[in-house]
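Chemist: Take this structure, written in structure tokens, and hold onto it; I'll ask about it next.
The values are calculated or read from the model by the stated rules, or taken from the named source; none is laboratory data. Remember, predicted model here, so these are calculated numbers, not experimental data. Cβ placement follows ideal geometry from the backbone for every residue including glycine, while neighbour counts extend to all protein chains displayed.
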Amino acid sequence: MIDWLLEPLDHAFNRRAVLAALLIGCTNGYASAFVVLRKSALKVGSLSHALLPGIALAILVVGLHDWSAFLGSLFAALIIGLGSLAVSRGSRLDQESALAILYTAAFSGGIILLRRLGVAQEMEDWLFGNIMGLRNSDLWTNFWISFVALGVLTALHRPLLMTLFDSDVAATLGVPVRALNYLLMAVLIVVLISSLQAVGCMLAIGLLVAPAATVYLLTDSTHAMFWGGALVGGLTSAIAVLAGWWLNIEQGPAIVLMLGGVFAMAFLLGPKYGLLARMTQSRKTTGKPPVASA
Amino acid sequence: MTASAHDSCAHCGHHHELRVERLTVRYHEVEALSDVSFSTSCGACVALIGPNGAGKSTLLKAVAGLQPIAGGGVLWRGTRVARWSHEIAYLPQRENVDWQFPITVRGVVRMGRFPQAGWWRPFSRHDDEAIDRAIAMMNLQALQDRQISQLSGGQQQRVFIARALAQEAHVLLLDEPFTGLDRNSKSALAETLRVIAEEGRLIIASHHDLDTVRDIYDEVLLLRRKTVAFGRVEEVFTPEKIERTFAEERGAA
């Protein structure tokens, strides 16, 4: 049994994939606390789709190198993000509507372009991830992205949390809320891009929301949300990669599906805010079974 | 007077003055405030009274430095308030706050120490003492480790005031602090505001319950985009002037 469980680690590409899953899962898990507290899951999710044309353009212009996909997607996210801002300011449309139009258009362009580039077999990798295909250099790229992103987020933890809690009050206490909001968005996009190889741009937002959202249902402590998110993200991703090998399923969807499962357990069984706990609690306080309230 | 008042104006020889001079605020082309002027000083409890859309919240935000100003300005202790000052605390409406945010009472109060502690420095013993004092003054010791949604409306309002005290604010700007509170919480909050005003702090609060103005405040600003009247409650808060503040605009130029 143990042999069977550890068998995948005999292969170098598996070891690399598990390591990458730990790294990417931790970074995304930590950053996911900011996405949940900022209530901007959909916005970040839209931007993750906008990355595709950037990747396609980068491959078209400079070919596929270690950093080209990263820089291309960063550029695309910037254009789409700022573009939606410009459209909403320059017309009567709100930013979310503008974003929806821009990112779907960009996504479509990306798909058409990627198909024409002769790397069509890689299309699925960009959409749903291919963590088994990672090279050592990709691992290093991911390491540096995680290092910088986590460094910035932990260094600015105090003013960032104040901005997220109440930006007006934070501003009256001297926090540069506008600059911090832009910076946070930029770091979140960088983290998002780092997860592309693991889960692809269709699923990336799952990894960048689910870990801290799960912990949010279990605790009232902000610190627990960040480090618990990192723990849940890292461990779940690593185990999902192994499970993918054992059960012969794709690793990217396995990671996001398993995160969904962990979230569902917290939602149902959480000791304080879980559905079961709340049902038994309300039964205790009303003295009636919850169904019999008519 | 308690020892915790050392940071307010009570121990100074003179009262600090807040002057609002010909303040004008525009949203796009619409004037939200036009030429509003008044001046008051520490120790006063000022009510902002006016109909919806009269610019009460805008005025509070402008004084707090949150609102771009189109004309005029705010002078605190003789100097212009350019952007923010730790001496001026802003307390938002309770309904605009995310009460599910994973933060404790103490965590909120601790935010008030940001101007002193800065971006990175760990909170010092002096910070902790200021936080403890603020929590004790607002009678929140037993609740300080609670998540903020597990508080009553009155307690939530006291948490905000405690943060302003930890911040060592001289001026407290409160947006509708009494809204949504039950009777007991209302009278307790009124008492609290009286106490911190008597310590020498300046309280400015938007308020919409006309029946309680006389009990709580000593000065009143009747506002309707412009200053209708400003002064002592007993002089200015008269039926005739209230009528003028709230009267429907009938074909007004």
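Chemist: Looking only at the range B:140-156, decide whether some residue is assigned by TED's automatic domain parsing to the domain that holds residue B:106, charged (D, E, K, R) and crowded, with 20+ Cβ neighbours inside 10 Å. Please lay out each step first, then the result.
Modeler: Start the filter on the range B:140-156 by keeping residues that are assigned by TED's automatic domain parsing to the domain that holds residue B:106, which leaves B:140-156.
With the extra rule that they be charged (D, E, K, R), the set shrinks to B:145-146.
Filter once more, keeping what is crowded, with 20+ Cβ neighbours inside 10 Å: none.
No, because not a single residue in the range B:140-156 is assigned by TED's automatic domain parsing to the domain that holds residue B:106, charged (D, E, K, R) and crowded, with 20+ Cβ neighbours inside 10 Å.
Chemist: Let me ask you something else. (1) under 30 Å from residue B:116 (Cα atoms); (2) surrounded by fewer than 16 Cβ atoms within 10 Å (Cβ to Cβ); (3) of a type outside the set (D, E, K, R): which one isn't true of residue B:192, the others all being true?
Modeler: (2)
Chemist: Based on this model, can you work out whether residue A:115 counts as among the basic types (Lys, Arg) and without any contact (Cβ under 8 Å) to a residue 12 or more places away in the chain?
Modeler: Values: among the basic types (Lys, Arg): yes; without any contact (Cβ under 8 Å) to a residue 12 or more places away in the chain: yes.
For residue A:115, the condition - among the basic types (Lys, Arg) and without any contact (Cβ under 8 Å) to a residue 12 or more places away in the chain - is met.
Chemist: I've got another one for you. Testing residue A:195 on (1) within 14 Å of chain B (Cβ to nearest Cβ); (2) of a type in the set (S, T, N, Q); (3) touching a helix residue (DSSP H, G or I) at 6+ places or on another chain (Cβ under 8 Å), one condition comes back false. Which one is that?
Modeler: Going through the list (1) within 14 Å of chain B (Cβ to nearest Cβ); (2) of a type in the set (S, T, N, Q); (3) touching a helix residue (DSSP H, G or I) at 6+ places or on another chain (Cβ under 8 Å), residue A:195 breaks only (1).
Chemist: State all residues of the range A:57-73 that are over 19 Å from residue A:187 (Cβ atoms), surrounded by 17 or more Cβ atoms within 10 Å (Cβ to Cβ) and touching a residue at least 60 places away in the same chain (Cβ under 8 Å); if no residue qualifies, say none.
Modeler: Hit for the range A:57-73 is A:59, nothing else.
Chemist: Can you tell me which condition residue A:271 does not meet? The list is (1) outside any helix (DSSP H, G or I); (2) under 20 Å from the mean Cα position of the chain (by Cα), and all the others hold.
Modeler: Checking residue A:271 against (1) outside any helix (DSSP H, G or I); (2) under 20 Å from the mean Cα position of the chain (by Cα), the one that fails is (2).
Chemist: Among the residues of the range A:74-101, what is the count of those that are surrounded by fewer than 20 Cβ atoms within 10 Å (Cβ to Cβ) and in a helix (DSSP H, G or I)? Spell out the reasoning first.
Modeler: Step one: filter the range A:74-101 for residues surrounded by fewer than 20 Cβ atoms within 10 Å (Cβ to Cβ), giving A:74-75, A:78-79, A:82-83, A:85-97, A:100-101.
Now restrict to residues that are in a helix (DSSP H, G or I): A:74-75, A:78-79, A:82-83, A:85-90, A:95-97, A:100-101.
Of the residues in the range A:74-101, 17 are surrounded by fewer than 20 Cβ atoms within 10 Å (Cβ to Cβ) and in a helix (DSSP H, G or I).
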